[in-house]
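Since every read-out is calculated from the coordinates, none of them should be taken as a lab result. If you're wondering where the values come from, they're calculated on a predicted model, not measured in any experiment. Note: ideal-geometry Cβ built from the backbone for every residue, glycine included; neighbour counts use all protein chains shown.
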Amino acid sequence: MVSGKTLHQLFEDQAARTPDRVAVSAADRALTYRELNAEADAVAARLRRAGAGPGRLIGLCVDRTADLVVGLLGILKAGAAYVPVDPAYPAGRIAFLLDDSQVSAVVTVSRVAERLADCAAPVIPLDRDTEAPAAPAAAAEQSRDSDLAYVIYTSGSTGVPKGVLVEHRNAVRLFEQTAELVGYRPDDVWTLFHSISFDFSVWELWGALLHGGRLVVAGTETVRSPQLLHKLLADEGVTVLNQTPSAFRRLVGASTATLPALRLVVFGGERLDVKLLEPWFARYGDERPALVNMYGITETTVHVTARRITRADLDEPGVSPIGRPLPDVTLRLLDEDGDPVADGTPGELYVGGTGVARGYHRRPELTAERFRTVGTGADAERLYRSGDRAVRTADGEYLFVGRADDQIKIRGFRIEPGEIEALLADDPRLASAIVVPQDHGEGDVRLTAYLVPSAGAETGDEALGRLVAEVSARAAGTLPEHMRPSAYRLITEVPTTAQGKVDRSALPALPHRQAPAGPSGGGAELTPTQRQVDAIVTEVLARPGIGLDDDLFEHGATSLAFMRVIASVNRRWKLSLTGAELDAATVRDLSACVDARASK
């Protein structure tokens, strides 16, 4: 690594060079580099008075505003590492993250502080100074590049999420190694589109702030609406956009208006099906903006490989090209015995280099299992076993094949079905639970849970309906949106392979009962609009019985499924709703919005 500095030290260098340039803009306010630096310094001082410093973990629970960046930078300036906690997560998930990480404090804002009511650690609101102004801050201890920068939690196969320990030097070298690829410019405008709990946000945030660019924080409504995102990109003159392929698919169909400022689109987080880019290439060509597919893993610090995607890639639609490793990355493809495979033969991908993280927080056994040292002496190399399968071509490029296990990705989030299955099956009325992804078209991938009632469980419709409702409620109260099953199916036994493993591919064709629906919104009492909106919701979500005032996201809707509901409503009534007009994602609110707009 060249710099030997931390992320916040490099930011301070940039702030000294361009103090009056806008660093962050959001719906609530904009901050110059000088203002952002000063506000973060004030947060750091408060945190040091609370005992923060190197080796300490500080929770970060802030909504999508400029305060999110202030809080994150303040934590790093205090010498600590941040643990991102999305305030949209259910209370159970928030409580687990804060308890498992053993944070010494949590940085938040008053408007979401109620989400931390049960937090044992001190809660520090950015927008309210509750400390005595005379209390002196401890002297800042010099941060080192080997200090932790953040701990991001990913899904765990054993049912327990695991925190990945990433050091400053892991992240700093990412931007050094991609300088030629990206061509970072001080006039660049980046979006902070992804959740701070998803490591793609690390790339977005520092890609702007380490190079004098401007970071535009996309609000919650904008993230959910491709139409609003397209408008944001146009209005703000965004030059670098980062998207999961599934999110980009929605953006492609959102508008035919051009985005002249956009110079680079980076894909990441999930498998890229190049065929989805066909309408984009037809409209914009493949020169500007440049499209780059990057493969990576949280444990290897965001990105590992890169590949420029052109129109010629449409000739091989079944291939997902991930390109070549970054300059400081080493890749090995090994078979089940740990031996190298020949070019053209699939193997499991092992990743080495300076991006490999420290390990897992408080999980030494799992760290030893996934982070392995190969070789001895001067030839020793620390590798991360990814679980991903790839092929190396004769010319040295890599193609993504799939997973070596059951892990899946939805909208870029890594999901271990075992974690969800363990939660669902923690009910004496269930013998087992199996969770599999199901593609509903247009990249709308949702989870389906197959439930096997235990031998002594009641099998009447009322009892089974109550069981499914309670299991679903537990999932909604514990799991983040992207991990909640959208549908539940009841089966009598679990199909297995000849080797005795669960045959997940056989589940969709297995005879099953649709989980009995709960009480509906009262069909006879619905207005004509409500009846038609309810029919659209039922068709898109494939889940009858959702009540008028039920939150659609708590009843199986993904962000993409919700936008498909909005799109269907727009076609039916010839409207141009984005979803941001709603106070709540319910049939009642959507119907009222339709009536209000259709009457104008």
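Below are the figures for this structure:
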| item | result |
| --- | --- |
| Loop-resident sites, the stretch 149-247, for GluC sites (Glu not before Pro), counting at most 10 other Cβ within 10 Å (DSSP) | none |
| Ellipticity estimate at 222 nm from DSSP helix runs (n ≥ 4, -39,500 (n - 2.57)) divided over the chain, nearest 500 | -9000 deg cm²/dmol |
| Ranked packing of 567-577, 376-386, 146-156, most packed first, by mean Cβ within 10 Å | 146-156, 567-577, 376-386 |
| Anisotropy class of the stretch 523-598 from Cα gyration tensor, a/c 1.5 cut | rounded |
| Semi-axis lengths (Å, descending) of the ellipsoid that matches the C-alpha gyration tensor of the chain | 36, 30, 27 |
| Kirkwood estimate for the stretch 1-145, i.e. one over the average of 1/r between Cα atoms, Å | 15.6 |
| Mean separation of Cα contacts under 8 Å (6+ apart) over length of the stretch 331-389, as relative contact order % | 34 |
| Rounded Å value of the spacing that divides the Cα centres of the stretch 562-584 and the stretch 164-230 | 29 |
| Order of ARG332, ARG115 under a 10 Å beta carbon neighbour criterion, fewest first | ARG332, ARG115 |
| Long-range HN-HN contacts of ILE152 with modeled amide H, under 5 Å | VAL164, VAL166 |
| Neighbourhood net charge (13 Å Cβ-Cβ; Lys/Arg +1, Asp/Glu -1) for LEU548 | -4 |
| Mean Cβ neighbour count within 10 Å, used as a protection proxy, ranking 237-244, 321-328 highest first | 237-244, 321-328 |
| Long-range amide H partners of GLY359 with built H, under 5 Å | LEU165 |
| Over 29 Å between alpha carbons, listed pairs LYS231/LYS275; LYS5/LYS409; LYS77/LYS231; LYS231/LYS574 | LYS5/LYS409; LYS77/LYS231 |
| Dipole of the chain, positive direction: furthest Cα of THR258, VAL103, TRP573, with charges on the beta-carbon | THR258 |
| Calculated FRET value between ASP335 and SER25, using beta carbons and R₀ = 30 Å, to 0.05 | 0.05 |
| Förster radius 51 Å - calculated FRET efficiency between THR538 and ASP379 (Cβ-Cβ, nearest 0.05) | 0.25 |
| Relative contact order %, the chain, counting alpha carbon pairs below 8 Å whose residues are six or more apart | 10 |
| Relative contact order, percent, the stretch 12-126 [alpha-carbon distance under 8 Å, six or more residues apart] | 23 |
| Cα centroid separation, the stretch 465-486 to the stretch 5-53 (Å) | 40 |
| Range of Cα positions in the stretch 416-514 per principal axis (Å), largest first | 38, 36, 22 |
| Mean Cβ count within 10 Å, highest first, over the residues of peptides 454-460, 3-9 | 3-9, 454-460 |
| GLU278 paired with GLU114, simple spin-label distance in nm, labels 7 Å along Cα-to-beta-carbon | 4.9 |
